[in-house]
Amino acid sequence: MSTLAGKIAVISGATSGIGLAIAQRFVAEGAHVFIFGRRQAQLDAAAKLIGRNVTTIQADASNLDDLDRVAATVKEEKGVVDIIVSNAGFTEQASIDTITPEHFDKAFNLMARGPVFLVQKLLPMMTGGGSIVLVSSAMHVMGIAGHTAYAATKAALRSYARTWAAEFKDRGIRVNLLSPGATDTPILDAQSGTREELVDMYQSMIPLGRLARAEEMASAALFLASGQSSYVTGADLMADGGIGQV
Ligand SMILES: NC(=O)c1ccc[n+]([C@@H]2O[C@H](COP(=O)([O-])OP(=O)(O)OC[C@H]3O[C@@H](n4cnc5c(N)ncnc54)[C@H](OP(=O)(O)O)[C@@H]3O)[C@@H](O)[C@H]2O)c1
């Protein structure tokens, strides 16, 4: 039997990279997925790729009115949520000399504030046995120059997983972190330097000697979202090729 047969999952930022790979894998495992992101053309392309059991919603994960609309759509179409994957994110580097309030607020609004309200708005529909996966980054345990805001938002997620694991105890809902290492997705194009330089830099730091594929992150997310991890909550699954471990 499929691992997620009949499950309803909501995934933020699922038009590309890790989120899209998670959506594809969840549907292959029997789930219906609600995916959202800001770009309609990318949503349409993602829906085509996923092929079935997918509802798209154009929404910004840092905008609380948009999150209300996401929750309303899920409520109207299915009425329940079994799995939430908070995945939407971006990188933008700034050293302490160049960091601006706008840069800081943009990172925190999307990757630290957004997940709180995404979960708050969907939680009333969540069933006992539900699973929340917060996509963090191996960077939350590392010090990489230029990532003051980004790494701090990912560390905030580590804290949410602990707090919510305790807080949702009586609801029977598990909350875990997925912390990817460097993964070959379009996000790399937003980092400083050429892609080649970046890949060389990461490869020299990664014990497994290569970047991850988005599909490898989808396998880790499937473990956390499904009953395969039924005794795991408040944890951090670092699928990072060892970069954050050495
Ligand atoms: N790739 C890596 O090396 C790596 C490593 C560690 C952690 N991560 C984390 O993994 C997550 C996914 O990253 P990725 O590598 O898959 O990046 P990606 O390919 O660039 O995908 C980012 C996704 O987030 C969406 N998004 C961005 N801003 C959004 C917003 N304001 N509202 C809603 N959706 C938004 C994008 O869609 P729209 O632009 O259409 O909105 C897109 O679907 C991020 O949280 C990232 O921090 C990635």
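The values are calculated or read from the model by the stated rules, or taken from the named source; none is laboratory data. Just so you know, these numbers come straight off a predicted model, no measurement behind them. We place every Cβ from the backbone using ideal geometry, glycine too, and count neighbours over all the protein chains shown. SASA here: full protein model, heavy atoms, side chains in, ligands and nucleic acids out. Shrake-Rupley method; radii C 1.70, N 1.55, O 1.52, S 1.80 Å.
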Quiz item: When S204 is evaluated against the numbered criteria (1) more than 19 Å from Q245 (Cβ to Cβ); (2) at pLDDT below 95; (3) not hydrophobic (A, V, I, L, M, F, W, C), which criterion, by number, is the only one it fails?
Solution: (1)
Quiz item: How many residues are within 18 Å of G19 (Cα to Cα) and either away from the ligand (no atom under 14 Å from the Cβ) or not polar (S, T, N, Q) (or both) if we restrict to region 47-70?
Solution: 15
Quiz item: From the set of residues in region 1-23 that are closer than 16 Å to P180 by Cβ and of a type in the set (S, T, N, Q), which is farthest from the ligand (Cβ to nearest atom)?
Solution: S12
Practice problem: Using the structure shown, decide if D44 is more than 17 Å from P186 (Cα to Cα) and within 10 Å of the ligand (Cβ to nearest atom). | Solution: no
Quiz prompt | Failed item, numbered, when A94 is tested on (1) within 25 Å of Q245 (Cβ to Cβ); (2) in contact with a His (Cβ under 7 Å, 6 or more places away or on another chain); (3) not charged (D, E, K, R) | solution = (1)
Quiz item: So which residues in region 184-213 are assigned to a loop (DSSP other than H, G, I, E, B) and open to solvent by 50 Å² or more (accessible area, probe 1.4 Å), if there are any at all?
Solution: D184, S192, G193, T194, P207, L208, R210, R213
Quiz item: When you look at D44, is it free of Cβ contacts under 8 Å to residues at least 24 places away in the same chain, open to solvent by 50 Å² or more (accessible area, probe 1.4 Å), assigned to a helix (DSSP H, G or I) and within 13 Å of G114 (Cα to Cα), yes or no?
Solution: no
Practice problem: Would you check which residues across region 28-41 are under 19 Å from M126 (Cα atoms), surrounded by 17 or more Cβ atoms within 10 Å (Cβ to Cβ) and more than 16 Å from the ligand (Cβ to nearest atom) and list them? | Solution: A31, H32
